[in-house]
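The values are calculated or read from the model by the stated rules, or taken from the named source; none is laboratory data. As the structure is a computational prediction, the values presented were derived from the model and not from experiment. So basically every Cβ, Gly included, is an ideal-geometry build from the backbone, and we count neighbours across all protein chains shown.
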Amino acid sequence: MPRRTERIATMTKRADIQTARAQRPVPATDDRYKVGTLHYTRAGLVSLFGWMIMGNLCFNLFEGNGGAGSIPFYLQDNFHISNTMVSVLFNFIPMIIGTFMTPIVSFWSDRARTRLGRRIPYILFTAPFLVLFAIGLGFSDDIIAVCKIKFAVSSSLAPMSAALGIIGFMTIGWAFSTSSSARCTTT
């Protein structure tokens, strides 16, 4: 019988110790940073900021050294496109689309609840289109050459009009994809 009593006493002491540990307050030197329901460690924050800086660098290199921003100048210099046409295709239409679509996408994004979060599904949806439009804009010269061959003089559509329509569509898609992704990450 004494052994059984010792076992019960030992088990009681262990239960008391576990209860005391569970009730003990968390020390103030916790290495996790908390914002709402998000919990970050120092290494996680360094990784997050590293990816954000790298993404910003790559995006700015693309926009500054070519990308969609240089296409209007290229078309004006090589194909004598008017300033009005360039302004409409590359500024006015993307801004009008952004004016109407940004509040809609932001509204949906704010109310979305998925296992990936609120913003990631929208970013993942626009990313393939962004890549396709960026690659397509890189082939603007080839698109113009193909349109000159496919839309001959006897066609009802002028070759440069077809080429401008395709390049304009890709530019508008690029502008919409970047604005949708940017709105989802900043709101």
Open item on the list: Return the pair list, or none, for Cβ contacts closer than 9 Å from residues in region 82-95 that are more than 14 Å from GLY165 (Cα to Cα) to residues that are in a helix (DSSP H, G or I) and at pLDDT 80 or above, at least 6 apart or on different chains.
Closed with: SER82/GLN76; ASN83/GLN76
TODO: Quick one: which residue in LEU89, LEU48 is assigned to a helix (DSSP H, G or I) and modelled with pLDDT of 85 or more?
DONE: LEU48
Open item on the list: From the list MET101, MET95, MET85, MET52, exactly one residue is surrounded by 11 or more Cβ atoms within 10 Å (Cβ to Cβ), touching a Leu at 6+ places or on another chain (Cβ under 8 Å) and of a type in the set (A, V, I, L, M, F, W, C). Which is it?
Closed with: MET85
Task: Among the candidates PHE73, PHE90, residue that is assigned by TED's automatic domain parsing to the domain that holds ALA175 and either on the phi > 0 side of the Ramachandran plot or surrounded by 16 or more Cβ atoms within 10 Å (Cβ to Cβ) (or both) - done: PHE90
- [ ] Could you grab me the full set of residues in region 104-119 that are in a helix (DSSP H, G or I) and surrounded by 15 or more Cβ atoms within 10 Å (Cβ to Cβ)?
- [x] VAL105, SER106, SER109
